[in-house]
Amino acid sequence: MGKINIVSMPGDGIGKIVFAEAKRVLEAVGFEANYIHADIGWDFWVNEGNPLPQRTLDLLEEHKLGLFGSITSKPKDQAAKELSPHLRGKSYTYYSPIVGLRQHFNLDICMRPCRSFKGNPLNFIRKSKDGEYVEPEVNVVIFRQNTEGLYSGVEWTNPPEQVRTALATHPKMSKFKDIPGEDMAISCRIFTRPACHRIIKQAFLYAKKFGYKSVTICEKPNVIRETSGMMGEEAEKIAKEFPDIQLWFTNIDAQMMWLTKNPEDYGVIVAGNMFGDIVSDGFAGLVGGLGFACSANIGEDCAIFEPTHGSAPKYTHLKPSIVNPIAMILSSCMMLDYIGEIDKSNCIRKAIGEVIAEGKVRTYDMMRLVGGPDVLKQGAVSAEKMTDAIISKLQ
């Protein structure tokens, strides 16, 4: 069997750094692949007016598998100011390339595992009723609908007259009828029944495969009745096919409180795009933060794997790099799972667990230090040294 082709998209800032470290781990575990570089990110926005060039889409159309580092995103006005002079004033609009990838390839399922590693000093702890400290094991997987909801991109500032006319058919729009268009911004939250059905079904199948006892729909149906309501309706239908798995419902606001009271009670969680983004970051904070937060974007025939952290420009030029590469490495493990290399992914996760449990090698975030060039003098290790430690456990 020939080497698999992977479209490599290191992107911006620390994405390039952590991507290289993850690649070292993949090679050390014996995974061989053809890495095909693809252009993506801020430099291509500045110089071409497009952070996601068509040539990158073409590569992913061909190979269907991507590994992604991180990109820089900035507000609309700031993005416009940073365009090369010859591109300004030509109606270019910045749009997040990772959101663009999700939309273009219909990568509608975003999986975000949040699992604690024993010995991680950043793990969530609480006091028991006896006053003792307890460190609950967190093992939650969030299924976030990736292409609809508030991230669907259907929005306006100063909406066209036909949009206002259509919305005026709803009685609750009457209180906005005298607001000037330039003072109004509208973002649509769009759910479709097929997309709700697909992600909930996949969540139940995942729970069954890996032994989770519950699937929780985390939405807000008491207020956002139509869209959250549709998600709930589909969940109740699908749950009948899985009688051994409990179906739970939580509201997003209450869930954010409960996740710090009893995080060990939750297994698989399903949410729309915005709420899934929120709750996954909340659970990530219980297991070490963004340095441990991995994710997968999965469609019918294409998948892209990425850490959920950003490009952290302020750390890009530090030599050696101080950033934590584990989120990127764990994202690579998710890619290995996807292509059937489960033994190799489990081997890497076991190595990461052993390094963390030993407690001898810790990046600055694991030591609760403020990032900067002096953290190495305070005992933190570089990204390269963390990777070296993980590779040593593989051997």
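The values are calculated or read from the model by the stated rules, or taken from the named source; none is laboratory data. Just so we're clear, the structure is a prediction, and the values are computed from it rather than from any experiment. Positions of Cβ are backbone-derived with ideal geometry, glycine not excepted, and every protein chain shown enters the neighbour counts.
The table for this structure:
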| quantity | calculated |
| --- | --- |
| Residue match in segment 193-215 (condition: under 16 Å from Cys110 (Cβ atoms) and among the polar types (S, T, N, Q)) | yes |
| Long-range neighbours under 9 Å by Cβ, at least six apart or interchain, first residue closer than 26 Å to Ala195 by Cα and surrounded by 18 or more Cβ atoms within 10 Å (Cβ to Cβ) within segment 80-108, second among the aromatic types (Phe, Trp, Tyr) and at pLDDT 90 or above | Pro97/Phe44; Pro97/Trp45; Ile98/Phe68; Leu101/Phe68 |
| Inter-residue pairs, beta-carbon under 9 Å, first within 20 Å of Ile4 (Cβ to Cβ) and hydrophobic (A, V, I, L, M, F, W, C) and in segment 321-350, second assigned to a loop (DSSP other than H, G, I, E, B) and at pLDDT 95 or above, 6+ apart | Leu330/Ala293; Met335/Glu341; Leu336/Val29; Leu336/Phe31; Cys347/Val29; Cys347/Gly30; Ile348/Val29 |
| Criterion: touching an Asp or Glu at 6+ places or on another chain (Cβ under 7 Å) and modelled with pLDDT of 95 or more - qualifying residue of Gly288, Gly299, Gly276, Gly229 | Gly299 |
| Hey, Glu226 surrounded by fewer than 22 Cβ atoms within 10 Å (Cβ to Cβ), assigned by TED's automatic domain parsing to the domain that holds Val138 and within 16 Å of Ile190 (Cα to Cα) or not | yes |
| Condition check for Phe292: out of contact with any Ser or Thr (no Cβ under 8 Å at 6 or more places or on another chain) and buried (at least 17 other Cβ atoms within 10 Å of the Cβ) | yes |
| Yes/no for Asn47 being assigned to a strand (DSSP E or B) and surrounded by fewer than 17 Cβ atoms within 10 Å (Cβ to Cβ) | no |
| Top-ranked residue of segment 330-347 - restricted to ones that are buried (at least 22 other Cβ atoms within 10 Å of the Cβ) and touching a Leu at 6+ places or on another chain (Cβ under 7 Å), ranked as farthest from Gly66 (Cα to Cα) | Ser345 |
| Tally, over segment 147-166, of residues that are within 19 Å of Tyr94 (Cα to Cα), assigned to a helix (DSSP H, G or I) and touching a strand residue (DSSP E or B) at 6+ places or on another chain (Cβ under 8 Å) | 2 |
| Flag if Thr169 is in contact with a Leu (Cβ under 9 Å, 6 or more places away or on another chain) and in a loop (DSSP other than H, G, I, E, B) | no |
| Looking only at segment 304-329, and only at residues there that are within 13 Å of the chain's Cα centre (by Cα) and small (Gly, Ala, Ser), the one that is surrounded by the most Cβ atoms within 10 Å (Cβ to Cβ) | Ala327 |
| Criterion: without any contact (Cβ under 8 Å) to a residue 60 or more places away in the chain and surrounded by 18 or more Cβ atoms within 10 Å (Cβ to Cβ) - qualifying residue of Arg164, Arg112, Arg144 | Arg164 |
| Subset tally (residues that are within 17 Å of Val18 (Cα to Cα) and surrounded by fewer than 22 Cβ atoms within 10 Å (Cβ to Cβ)) for segment 383-395 | 5 |
| Wholly within segment 254-367, strands (runs of 3 or more DSSP E) carrying at least 3 residues that are among the aliphatic types (A, V, I, L, M) | 268-271 |
